Every structure is written in structure tokens, then in C-alpha cells.
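Reviewing the structure listed below.
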Amino acid sequence: MNAFASIASERGLRALIFDVDGTLADTERDGHRVAFNRAFADAGRDWHWDVARYGELLAVAGGRERILHFIDSDAADIPLAQRDALARELHARKTAHYVQLVDMGEVRLRPGAARLIDDAHAAGLRLAIATTTSRANVDALLAHSLPAAADWFEVIATADDAPNKKPDPQVYRYVLNRLGLHAEECLAVEDSALGLRAARAAGIPTIATVNDYTRDQDFSGALVVLDDLGAISLTQLRAWHASITQSIF
């Protein structure tokens, strides 16, 4: 056992840190994508992101950044000086629509997510969220889908706290600082290659739970890649966490 693995083994798993979009819930295709399209319609734009196009745009982290990327590539007639303000306006409209969709029950938790959070809390593990979506989006999802567990998350870090988007590790470093824990005492749960890279850059062991948008991405460096969290127990998570080797770190 190498020195890093020895330290991890001695300290053990103390906290789970969850991404949100695509990890805790199926938010992207029938949540954020729909909200973006409604925001575009509100603003009189004839833009429409279908399922495939939105999958391509997910390579750009952050909703406002995604809009800016689309403007640069597909709406170059918009003057450069106006693009940032337009992206901010559209993103604000999109957030309002997304919150409405969540409140209507259109966004659902992924299999096993609620049970795993319940089990972790009951076992005394600390819980945190590390996402680069907005705080309003996270609050809406927790209030609707995990109302009993909303107060269990000791740290909820969003784009408001860490503006640098994944794969930048800023949001994970912020969470670690707030928790007062070492990276090797935590386990991150992510659904995308960008999220995995962010967590790993912060030194946090990471499991990946993929979805239709991320299934074919490169998850090299993940402890394990899963279809969902449905059959995962805390015992298994602890075993994976304890299995850290030099080949991973």
C-alpha cells in the first residue's frame, strides 16, 4: 500500500460530495433543455435545442457559458458587445422556467439517489453538494425531491460560490475548505467526464454514474463507473474508497 492509500485507509470515508445535474437527478434533457428553449421563445428567439444538439452543448459547462458558446457558433450576427448581457438575460429566464418545471414534478431523482443519501446520513457520513449550476436550481430540486434531506447537506456549493466551471476544481476545493476535510477523506459522485476531472484535480476519489448524455465519455481515473446508484450500498462505497491504489493516484 502506498503512502497516500495508507493515509486514506487510516482516515476512512467521512463525507460524500454529490454533483447535481445528471447525478442526483435527470435534469438535463427534460429539465434544463426545455427551460432553455422556453427562455429563447420568451425573448422572441427562434433558437431550439433538440435532444442531440443539447448533448453536444453539454461539453460547455455552465448555462450562461453554454448560451454564449451557442451565440458565438450559431448567432454570429449578434454584436459582440451585446452577447454577454443577452446571455445573462436568457439564463435568468431559463432559471425561472427550470424552477417551475421542478415544482411541477417534471424533474426526477435518479435511481438510488434518495436511498443512498438516507443511508449516508443515518450512518453519520457528512454530506455536501458541489455543482456549477445556480443555487436557485439546487434549492428547487431539494425542496421538491428531497425535502427531508435538504438540511442534511452541510455544504451546498454552486456557481455563486465557485464561478470557475468544471473541469476546474474550484468548487471541490471550496467544499473541502468548508468541510475542513482532506480530499482523501471524501468520495465524490459525478456523472460526466468534466465533473470527474474537477473532483480528481482536487484529489478526491470519485465514482461515476453515467446517463444517456455521458455514457460514452472518458471516465479514466474513476474508482468505478455505474449505470446508476440503485444497487450501491455504503459498504460497497467504503470498499471502493479503501481500494485506492497508486494506479489511481
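With labels modelled as points extended 7 Å from the Cα through the Cβ direction, what inter-label distance (nm, one decimal) is found for Thr235 paired with Ala76? That separation, rounded to one decimal, is 6.0 nm.
The residues packed around Leu58, meaning those with a beta-carbon under 15 Å from its beta-carbon, carry a net charge of -3 if Lys and Arg are +1 and Asp and Glu are -1. Three semi-axes describe the equivalent ellipsoid of the stretch 28-103; taken as square roots of 5 times the Cα gyration tensor eigenvalues and ordered largest first, they are 19, 14, 11 Å. Taking the Kirkwood radius as Rh and the Cα radius of gyration as Rg, the chain has a ratio of Rg/Rh equal to 0.98. Working from label points 7 Å from Cα in the Cα-to-Cβ sense, the Arg14 to Asp50 distance is 5.1 nm. Charged neighbours of Thr206, selected by a Cβ distance under 10 Å, balance to 0 (K, R count +1; D, E count -1). What does the charge count near Ala41 come to, summing +1 for each Lys or Arg and -1 for each Asp or Glu among other residues with Cβ under 12 Å from its Cβ? Once all neighbours under 12 Å are counted, the net charge is +2.
Of the residues Ser73, Ala61, Leu101, the one whose Cα sits farthest towards the positive end of the charge dipole of the stretch 28-103 is Leu101 (charges of +1 on Lys and Arg Cβ, -1 on Asp and Glu Cβ, taken about the Cα centre).
How big is the gap, in Å, between the Cα center of the stretch 191-225 and the Cα center of the stretch 45-72? Cα centroid to Cα centroid, the span is 21 Å.
Only the Cβ atoms of Lys and Arg (+1) and of Asp and Glu (-1) were treated as charged; on that basis the dipole of the stretch 28-103 about its Cα centre amounts to roughly 160 debye.
Here the Karplus curve 6.51 cos²θ - 1.76 cosθ + 1.60, taken at θ = phi - 60°, turns the phi angles of the stretch 173-183 into couplings of 5, 4, 4, 4, 5, 5, 6, x, 10, 7, 4 Hz, with x standing for Gly and Pro. When the square roots of the Cα gyration tensor eigenvalues are ordered a ≥ b ≥ c, the ratio a/c for the stretch 72-194 is 1.5 or more and a/b does not exceed b/c, which makes its shape oblate.
A simple spin-label model places pseudo-atoms 7 Å from Cα toward Cβ; at Ala96 and Arg108 they are separated by 2.9 nm. Taking amide H as placed 1.01 Å from N in the peptide plane, the amide H of Leu226 sits under 5 Å from that of Ala208, Thr209, Val210, each at least 5 places away or on another chain. If one computes the Cα centroid of the stretch 135-183 and of the stretch 73-129, what distance in Å separates the two points? Measuring centre to centre over Cα atoms gives 12 Å. Looking at the chain, the DSSP beta bridges with both ends there are about 5 percent antiparallel. Estimated at 0.36 nm per residue, the fully extended path between Glu154 and Glu89 surpasses their Cα-Cα distance by 20.3 nm. Using θ = phi - 60° in the Karplus curve 6.51 cos²θ - 1.76 cosθ + 1.60, the 3J(HN,Hα) couplings for the stretch 55-70 round to x, 5, 6, 5, 5, 9, 7, x, x, 5, 5, 5, 5, 4, 4, 5 Hz; x is entered for Gly and Pro.
Every number here is computed from the coordinates shown, using simple stated rules; none is lab data. None of the values given here were measured: they were computed from a predicted structure. Every residue, glycine among them, receives a Cβ derived from its backbone with ideal geometry; neighbour counts consider all protein chains shown.
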